[in-house]
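Nothing in this text is a laboratory measurement; each read-out follows from the coordinates by a stated rule. None of these values were measured; they are calculated from a predicted model. As a convention, Cβ positions derive from the backbone with ideal geometry for all residues, glycine included, and neighbour counts pool all protein chains shown.
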Amino acid sequence: MTTFEPLVFSGIQPTGNLHLGNYLGALARFVPLQDAFNCVYCVVDLHAITVAQDPVELTGAIREVTAAYLAAGIDPRAHIVFNQSQVHAHAEMGWLLNCVARMGWLNRMTQFKEKAGKDKENASVGLFTYPTLMAADILVYRATHVPVGEDQKQHLELTRDIAAKFNNDYAARIDGLGFGTEYLPQPEPLIQGPATRIMSLRDGSKKMSKSDPSDYSRINLIDDADTIALKIRKAKTDPEGLPGELKGLEGRPEADNLVGIYAALADRTKQSVLDEFGGQQFSAFKPALADLAVEKLAPIAGEMRRLKADPGYIDAVLADGAGRAAAIADPVVATMKEILGLLSTRR
Ligand code: AQP
C-alpha cells in the first residue's frame, strides 16, 4: 500500500450569495483543519459555468468566495487559496479522468438529475461531467481528506471509484515508475457534525441553496442583523413546542433543522440544545437562535465587506495561491500522462 502525504482539498462554487449551509457545512469546518493538515482551498469557478452565469457577476462572486475564506479565518500564506480556472492542471486532469470514468457511473449522479431538472437535453455537457472535474480537483493534488456537506457524498464516492479504476488499469505501469501499485489516493470525505445538511428555512425537505429563488429560504453570510432576525422569525415551523428528546424531532424536519443550526453555531450537540429549550415554544427559541446567528456571522460579514472593498488585494491572494497550487498539480498531471503513455517531457 502506498502511503500518501496527508493533504486537505475542498472548494466552493462562486454561484451567488454564500449562505449558512455553505458556512456550517464547509467553511467553518475548513478553518480548524488548518492546524492538522496542509490545506488547499479553491474557488471552483469552472464548476460555476456549468450553468449560465453573468460574466460581471461571476467575477464579483469569485472575489466574494475568496473574501469569505479569508474572513472565516483561512490563512492564505500558511495554506493555499486560489481560483480553479487559473490552474490549467484542473481542466487537463479533468479530461484524463473523463476517459477513466464510465457513462453508467455518471448517469447515477443525483445532483445532475436535480440540477438539470426536466430539460436534460438542454443541460450543458459540463453539468453532466461536473463530477469528473470535481474528482480531478481533488486528485490533481493527490489529496487525502475532503471536508464537504452531505450533498457531495456521492461525488466523493465517484472520485474514489475513478482513482481505484485508474490505479487498477495501470498498476503495472505505476509500479514500473516506482510508485508501488497506486498513484492516486482514496480520498476520505470528512462529513461530520450536526450541520452536514442545512435545510431551506421555507421547506424542511429541500437543502438550503444559493440557487433557491426565495431569499427567505436561506441566511446569506452578508445579511445584516435585522434581515437574519426577520428570516428566522419567518422560518417555517410546526405548531408544537420543542421536545426534550431527539426522538421528538422525528418527522418534524423544520424543527429538526432549526435545532441543528443552533447546535452547529454554538458547537453543541442537538440534545444539549433540547436540554436547554425543551418544552419552550418557537416564539422563545427563534429570538435566541437569531441572536446566536448574528453573534457568529456579523464579524465574518464585516470582514468580508472590508476585503471586498480592496479587490486588488483579493486578486493578489488568488494569483499567489494559483502559482503555489500549480507547483503541486503540474507534476502530478505530467506523471499521469507518463503513466498513460502520453509523451510527456516534464516530471
Ligand atoms: N445546505 C447545505 N448544508 C450543508 N452544507 C452545504 N453545502 C452546500 N449547501 C449546503 C456545502 O457547501 C460546500 C460548497 O457548495 P458549492 O457551492 O460547491 O455547491 P452546492 O453544494 O451545489 O451549494 P449550493 O449552495 O446549493 O449552490 P447551488 O445553488 O449553486 O447549487 C460543499 O461542501 C457543500 O457540500
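Given the C-alpha atoms of the chain, compute the convex hull and give its volume per residue in Å³. Write down the numbers at each step before the final one.
Details: hull volume 51.3 nm³, N = 347.
Roughly 148 Å³ of hull volume per residue.
Taking K and R as +1 and D and E as -1, what net charge do the other residues with C-beta under 14 Å from the C-beta of A171 add up to?
Details: positive: K165, R173; negative: D169, D175, E182.
That sum, taken over residues with Cβ under 14 Å, equals -1.
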**Prompt:** Could you give the angle, 0 to 90 degrees to the nearest 10, between helix 55-72's Cα long axis and the longest principal axis of the Cα atoms of the chain?
**Reply:** 70
**Prompt:** Taking a spot 7 Å from the Cα of E5 along the direction of its beta carbon, which residues of the stretch 129-164 have an amide N less than 13 Å from it?
**Reply:** 141-144
**Prompt:** If you project the alpha carbons of the stretch 216-270 onto their three principal axes, what span does each projection cover, largest first, in Å?
**Reply:** 34, 26, 14
**Complete:** In order over the stretch 171-182: 3J(HN,Hα) from phi, Karplus 6.51/-1.76/1.60, θ = phi - 60°, whole Hz, x for each Gly or Pro, gives 3, 5, 5, 4, 4, x, 8, x, 9, x, 10, 10
**Asked** For helix 125-139, what angle does its Cα long axis make with the longest principal axis of the chain, in degrees from 0 to 90 and rounded to 10?
**Response** 80
**Asked** Karplus couplings for the stretch 204-211 from phi (6.51 cos²θ - 1.76 cosθ + 1.60, θ = phi - 60°), rounded to Hz, Gly and Pro as x?
**Response** x, 9, 10, 6, 4, 8, 5, 8
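Provide the three semi-axes, in whole Å and in decreasing order, of the ellipsoid equivalent to the stretch 45-107 as defined by the square roots of 5 times the Cα gyration tensor eigenvalues. Could you put the intermediate results ahead of the total?
Working: eigenvalues 143, 57, 23 Å².
Output for the stretch 45-107: semi-axes of 27, 17, 11 Å.
If you wrap a convex hull around the Cα atoms of the stretch 139-209, how much volume per residue is inside, in Å³?
Details: hull volume 6.1 nm³, N = 71.
Spread over its residues, the Cα hull of the stretch 139-209 gives 86 Å³ apiece.
What order, most packed first, do the peptides 30-39, 128-137 have when packing is the mean number of other Cβ atoms within 10 Å of each residue?
Working: 30-39: 15.6, 128-137: 23.7.
Answer by packing, highest mean first, reads 128-137, 30-39.
Compute the relative contact order of the stretch 163-278 as a whole-number percentage, counting only Cα pairs closer than 8 Å that sit 6 or more residues apart in sequence. Mind showing how you got there, number by number?
Working: 123 pairs, mean separation 24.4, N = 116.
About 21 percent, as a whole number.
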**Request:** Please report how far the C-alpha centroid of the stretch 298-347 lies from that of the stretch 170-211, rounded to the nearest whole angstrom.
**Result:** 20
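Whole number please: convex hull volume per residue of the Cα set in the stretch 215-307, in Å³?
Values: hull volume 8.0 nm³, N = 93.
Residue-normalised Cα hull volume stands at 87 Å³.
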**Asked** By per-residue mean of other Cβ atoms within 10 Å, what is the highest-first order of 273-285, 289-301, 11-23, 86-98?
**Response** 11-23, 86-98, 289-301, 273-285
**Message:** Apply the Karplus curve 6.51 cos²θ - 1.76 cosθ + 1.60, θ = phi - 60°, to the phi angles in the stretch 4-13 and return the couplings in whole Hz, x for Gly and Pro.
**Reply:** 9, 4, x, 8, 9, 10, 7, x, 10, 7
**Message:** Let me confirm the definition first: pairs of Lys residues in the stretch 215-307, 8 or more apart or on different chains, C-alpha distance under 17 Å. How many are there?
**Reply:** 7
**Request:** Please report the relative contact order for the chain, taking Cα pairs under 8 Å with a sequence separation of at least 6, and give it as a percent rounded to a whole number.
**Result:** 23
**Request:** Would you compute, from DSSP H runs of 4+ residues alone, the mean residue ellipticity of the chain at 222 nm, taking -39500 (n - 2.57) per run and dividing by the full residue count, rounded to the nearest 500?
**Result:** -16000 deg cm²/dmol
**Percent RCO, i.e. relative contact order, over the stretch 264-347, from Cα pairs under 8 Å lying at least 6 residues apart** = 16
**Prompt:** Mind checking the angle between helix 311-340 and the chain's longest principal axis? C-alpha axes, 0 to 90 degrees, to the nearest 10.
**Reply:** 40
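If r is the Cβ-Cβ distance from D224 to Q111 and R0 is 25 Å, what FRET efficiency results, to the nearest 0.05?
Values: r = 32 Å, r/R0 = 1.26.
Between D224 and Q111 the formula returns 0.20.
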**Prompt:** If the chain between D119 and S211 were fully stretched, how many nm would it gain, using 0.36 nm times the residue separation less the Cα-Cα distance?
**Reply:** 31.4 nm
